[in-house]
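The values are calculated or read from the model by the stated rules, or taken from the named source; none is laboratory data. Since the model is a prediction, treat every value here as computed from it, not as a measurement. In this analysis, Cβ positions are derived from the backbone assuming ideal geometry, glycine residues included, and neighbour counts consider all displayed protein chains. SASA here: full protein model, heavy atoms, side chains in, ligands and nucleic acids out. Shrake-Rupley method; radii C 1.70, N 1.55, O 1.52, S 1.80 Å.
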Amino acid sequence: MVNLPKNIKKVAQFLELLPGIGEKTANRLALYFLRIPQDTLIEFAEAISRLKQTTKLCQICFNLTENEICSICQDSNRQKNKIMVVEEVLDILSFEKGGIYQGVYHVLHGRIDPLNHIGPEDIKIPQLLERIKNDNTIDEIILATNPDLEGEATAMYITEKIKDLAQQSKREIKISRLGYGLPIGAEIEYADYLTLKKALENRSKY
Ligand SMILES: [Zn+2]
């Protein structure tokens, strides 16, 4: 393996940038590429090279999209009055997989984490509050941050802010938190959809 040709080494070095891939696995994967048909490899390389340029954040919910507005926000069958607040884009996938939720989302891209110096302004909380403020039809917020310390702190902070906002503008906004169902410390990204369905059904007023 030490004497792999330079061209293969180069591919392996890129693969090593990926999480969970060490040198050995990278070498093995790089060699595996040699077995993939040339057409497929070209398509793969092109898809990767375009990936960053063609990926944007939805202007409404901050989901990933190739357009200005993501497919969920564009979908006229979704209930736009109901926003589920999640930490990461992959959390959306978990809920969408089971088709258990018909509202729309808001992706925070993180959570409040004082130990790592991440405050409310560092994630998409101000944007969430703006969104609610600017759209009077929004009347339900479901907090689906992870059931751990930072997730709870984030949910609590958002709840306070929305309650203030509702009071100031004399609006009725229902706020709920996923019922758990979900084991404490579990990550939504890895939960199966039946567990998520239960958690959604058992959500409690917050
Ligand atoms: Zn969107």
Within segment 131-168, which residues are over 22 Å from VAL104 (Cβ atoms), touching a residue at least 12 places away in the same chain (Cβ under 8 Å) and of a type in the set (A, V, I, L, M)?
ALA153
Go through the residues of segment 185-196 one by one and say whether even a single one is closer than 19 Å to VAL89 by Cβ, open to solvent by less than 10 Å² (accessible area, probe 1.4 Å) and assigned to a loop (DSSP other than H, G, I, E, B).
no
Yes or no: segment 3-15 includes at least one residue that is part of a loop (DSSP other than H, G, I, E, B), of a type outside the set (Phe, Trp, Tyr), under 30 Å from GLU87 (Cβ atoms) and open to solvent by 50 Å² or more (accessible area, probe 1.4 Å).
no
For segment 41-56: of the residues being without any contact (Cβ under 8 Å) to a residue 12 or more places away in the chain and farther than 22 Å from LEU29 by Cα, which is most open to solvent (accessible area, probe 1.4 Å)?
LYS52
Cβ contacts < 7 Å: first residue away from the ligand (no atom under 12 Å from the Cβ), restricted to segment 69-87; second residue open to solvent by 40 Å² or more (accessible area, probe 1.4 Å), any location; separation 6+ or different chain. Result?
GLN79/GLN102; ASN81/THR137; ASN81/ASP139; GLU87/ARG111
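Among the candidates ASP164, ASP122, ASP135, single out the residue that is within 16 Å of the ligand (Cβ to nearest atom), open to solvent by 20 Å² or more (accessible area, probe 1.4 Å) and out of contact with any helix residue (DSSP H, G or I) (no Cβ under 8 Å at 6 or more places or on another chain).
Unique residue meeting the criteria: ASP135.
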Restricting attention to segment 57-68, does a residue exist that is among the β-branched types (Val, Ile, Thr), more than 9 Å from the ligand (Cβ to nearest atom), at negative phi and surrounded by 10 or more Cβ atoms within 10 Å (Cβ to Cβ)?
no
Mind listing whichever residues of segment 91-115 are open to solvent by 80 Å² or more (accessible area, probe 1.4 Å), under 16 Å from the mean Cα position of the chain (by Cα) and away from the ligand (no atom under 14 Å from the Cβ)?
LYS97
